[in-house]
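The values are calculated or read from the model by the stated rules, or taken from the named source; none is laboratory data. Model, not experiment: these values are computed from the prediction. Here the Cβ positions follow ideal geometry from the backbone for every residue, glycine too, while neighbour counts run over all protein chains shown. The area values use the complete protein model at the heavy-atom level, side chains included, leaving out ligands, DNA and RNA. Shrake-Rupley method; radii C 1.70, N 1.55, O 1.52, S 1.80 Å.
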Amino acid sequence: RFETCWPALMKDCHGVIIIFNPDLPSHLKEIEMWYSCFVQQQPLLDSQCLLVAHHKPGSAGDTENLALAYPLNKLKLIHSNLEEDPEDVRMEFIKYFRSIITIMNESREREEMSIIS
């Protein structure tokens with residue numbers, strides 16, 4: 001129902017984080033649509049997308065056998081459970097943000113070089 005707002009959210013976007021509940025089969029289908037709209041249509045690189053399979057407290061989520069369809073299976077995927085491993089999740093977010101900053105800096109440098117040349 002908020003699709004009319006999507007273009008504003010995507011404008012000048014440098015990265016996408018898709019958070020989903022892997023215990024809900026409907027979420028596994030929905031993330032394909034989110035990926036298509038927010039990553040492929042931008043176009044963004046797959047390295048600019050992070051999938052977060054968030055496990056609710058007390059859930060016995062399977063972090064080993066999550067089968068994602070192509071092309072989602074080639075994206076960086078982290079599992080989060082903030083009760084058990086909040087520091088691991090934080091470190092993964094830091095790595096992701098660093099990679100986005102690197103991509104942005106490289107893009108800016110290429111643009112500056114094209115103006116100078």
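If only one of Gln48, Gln42 is open to solvent by less than 80 Å² (accessible area, probe 1.4 Å), modelled with pLDDT under 90 and among the polar types (S, T, N, Q), which one is it?
So the residue among Gln48, Gln42 that is open to solvent by less than 80 Å² (accessible area, probe 1.4 Å), modelled with pLDDT under 90 and among the polar types (S, T, N, Q) is Gln42.
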Review point. Any residue at all in segment 77-86 that is under 13 Å from the mean Cα position of the chain (by Cα), acidic (Asp, Glu) and either under 18 Å from Leu50 (Cβ atoms) or in a loop (DSSP other than H, G, I, E, B) (or both)?
Key: no
Review point. Going by the structure shown, is Ser107 exposed (fewer than 15 other Cβ atoms within 10 Å of the Cβ) and small (Gly, Ala, Ser)?
Key: yes
Practice item. Tell me, please, whether a residue that is more than 27 Å from Lys29 (Cα to Cα) and touching a residue at least 60 places away in the same chain (Cβ under 8 Å) can be found in segment 76-92. Key: no
Review point. Yes or no: Ile101 outside any helix (DSSP H, G or I), surrounded by 10 or more Cβ atoms within 10 Å (Cβ to Cβ) and of a type in the set (A, V, I, L, M)?
Key: no
Check your understanding: Which of the residues spanning segment 11-36 are at pLDDT below 90 and hydrophobic (A, V, I, L, M, F, W, C)?
Key -> Leu24, Leu28
